[in-house]
1. Can you work out ³J(HN,Hα) from phi for every residue in the stretch 54-59, in order, using Karplus 6.51 cos²θ - 1.76 cosθ + 1.60 and θ = phi - 60°, giving whole Hz and x for Gly and Pro?
2. Mind checking the full-extension length gain between E56 and L12? Use 0.36 nm per residue of separation minus the Cα-Cα distance, one decimal, nm.
Amino acid sequence: MSRWVRPEVYPLIAAMGFVSSMCIFQLTRNAFMNPDVRIKKAQRMTPIQDNAEQGEKYTQHGFRHLLYRNRPWIFPAADFSASASAATADDH
C-alpha cells in the first residue's frame with residue numbers, strides 16, 4: 001500500500017503553509033487595523049474621516065522602521081570597495 005503523502009511533497013506543503021499564513025496575517029491586519037476599513041455602522045455613517053494620524057501609524061509600523069534603519073547590503077565589503085573605487089575614479 002502506498003503512502004498518502006510522499007516525502008518529496010513536504011517542502012511544497014511547508015511553502016504553501018507559510019504563504020497562506022502570510023495572506024491570513026495581511027487580511028486580518030487590514031480588516032482590523034486599517035483606518036479606511038469601517039466595520040461598525042457608526043463609523044460608516046461619516047463618509048470622510050479626518051484620521052491622518054491613524055493612517056500614519058498604520059503605514060509606519062515597527063517592521064518598516066526596522067527595514068529603514070538597516071541598510072540592505074548583500075556583500076558589504078564588495079559594496080564598499082566598489083563605491084570607493086567609483087568615487088576615486090570620479091575625482092580624476
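1. Those phi angles translate into 5, x, 5, 5, 5, 7 Hz.
2. On the way: separation 44, 0.36 × 44 = 15.84 nm, distance 3.72 nm.
Extra length available between E56 and L12 comes to 12.1 nm.
Every number here is computed from the coordinates shown, using simple stated rules; none is lab data. Here the structure is a predicted model, which means the values were calculated and not measured.
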